[in-house]
Amino acid sequence: MVMSVLLKLLFPAPPSRFVSAMSVISLVSLANTGLSEIRGKHLNYSKFWNVNVNNNNSNEKRQMKLSSKAGMLLLYTPAFLAGAASFFIFPHHALRSIILQSAVTLHFFKRIFEVLFVHRYSGFMVLDSAIPISLSYFLSTATMTYAQNLTEGLPEPPIDLMYPGIVLFVVGICGNFYHHYLLSKLRGKGEKEYKIPKGGMFDLVICPHYLFEIIGFYGVSFISQTFYAFSFTIGTTFYLLGRSYATRRWYLSKFDDFPNDVKAIIPFVF
């Protein structure tokens, strides 16, 4: 039953061991990172940049730290360049491929734009965390565009999700940007302390920006309709669920007035 549904939704599996292996690796590694967040072992950026290293002062001295702005640029720039380069490496003319490449490239362009012009920073990023995250984004972008290239000439899936995917992607990228903008307005000039976010969907969940990021990635998967795209998106979903759970736990520990009815990422549920 499940297999018959997948056959209607996805392109046939590509004749590429690399893409098949990356599909499994992306899903498992991202899901495992989400579980690590729940267990308290965080990737060291944002409000968690010094959680792990403070448990061991000697380890903290050995860690190389970047400013948050430089670290975030390191995360997103290679993936953006991979997306932009894909137009030249895979100069195909199929509409689905063009939209997929455009969506992935726009996603990381938006992130770089936010780093430069929207986000406010109060901490650092540990290089040991920045490098694997940057590599993950780069490899996922390169693999996703390559997997899409392998679908050229194949029959389209019986159920076409491309146009619903475009809608989901636009909703996701706009909602994510809006809530990042609200976060940037929490602090005045020169302020670095964290505050409880207000406005938008922050009254329902503490990580609406993650929720919309998930929506955007499902939009990318619908546009692509490849097994790799869905594997990466499902893995990302598990990671952001774990990250949002850890974020809510952090706010509860730091603010006595944090509202208990505000969930982590899914309104009224989780």
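For beta carbons closer than 6 Å, sequence separation of 6+ or different chains, a first residue in the stretch 30-55 that is within 26 Å of PHE230 (Cα to Cα) and a second that is modelled with pLDDT of 90 or more and of a type in the set (S, T, N, Q), the qualifying pairs are LEU30/THR236. Counting the residues of the stretch 1-28 that are assigned to a helix (DSSP H, G or I) and surrounded by fewer than 14 Cβ atoms within 10 Å (Cβ to Cβ) gives 12. GLU213 meets each of the listed conditions (1) in contact with a Lys or Arg (Cβ under 8 Å, 6 or more places away or on another chain); (2) within 30 Å of LYS8 (Cβ to Cβ); (3) acidic (Asp, Glu) apart from (1).
Only residues that are outside any loop (DSSP other than H, G, I, E, B) and loosely packed, with under 15 Cβ neighbours inside 10 Å were counted across the stretch 114-126, and they come to 2. Check whether at least one residue in the stretch 166-189 is open to solvent by less than 20 Å² (accessible area, probe 1.4 Å), closer than 19 Å to SER68 by Cβ, in contact (Cβ under 8 Å) with a residue 40 or more places away in the chain and basic (Lys, Arg), and report yes or no. No, there is no match, as no residue in the stretch 166-189 is open to solvent by less than 20 Å² (accessible area, probe 1.4 Å), closer than 19 Å to SER68 by Cβ, in contact (Cβ under 8 Å) with a residue 40 or more places away in the chain and basic (Lys, Arg).
If you go through the stretch 227-257 and keep only what is open to solvent by 40 Å² or more (accessible area, probe 1.4 Å) and touching a Cys at 6+ places or on another chain (Cβ under 8 Å), you end up with just ARG248. In the stretch 29-49, what residues are crowded, with 17+ Cβ neighbours inside 10 Å and modelled with pLDDT under 75? Listed by number, the residues that qualify are LEU43, ASN44, TYR45, SER46, PHE48, TRP49.
Condition check ((1) farther than 27 Å from LYS185 by Cβ; (2) among the polar types (S, T, N, Q)) across all residues:
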position: HIS92; (1), (2): yes, no
position: GLN101; (1), (2): yes, yes
position: LYS110; (1), (2): no, no
position: PHE113; (1), (2): no, no
position: LEU135; (1), (2): yes, no
position: MET144; (1), (2): yes, no
position: GLY153; (1), (2): yes, no
position: GLU156; (1), (2): yes, no
position: ILE159; (1), (2): yes, no
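The values are calculated or read from the model by the stated rules, or taken from the named source; none is laboratory data. Since this is a predicted model, take the numbers as computed values, not measurements. For neighbour counting, all protein chains shown are included, and Cβ atoms are generated from backbone atoms with ideal geometry for every residue, glycine included. Side chains included, ligands, DNA and RNA excluded: accessible areas come from the protein's heavy atoms. Shrake-Rupley method; radii C 1.70, N 1.55, O 1.52, S 1.80 Å.
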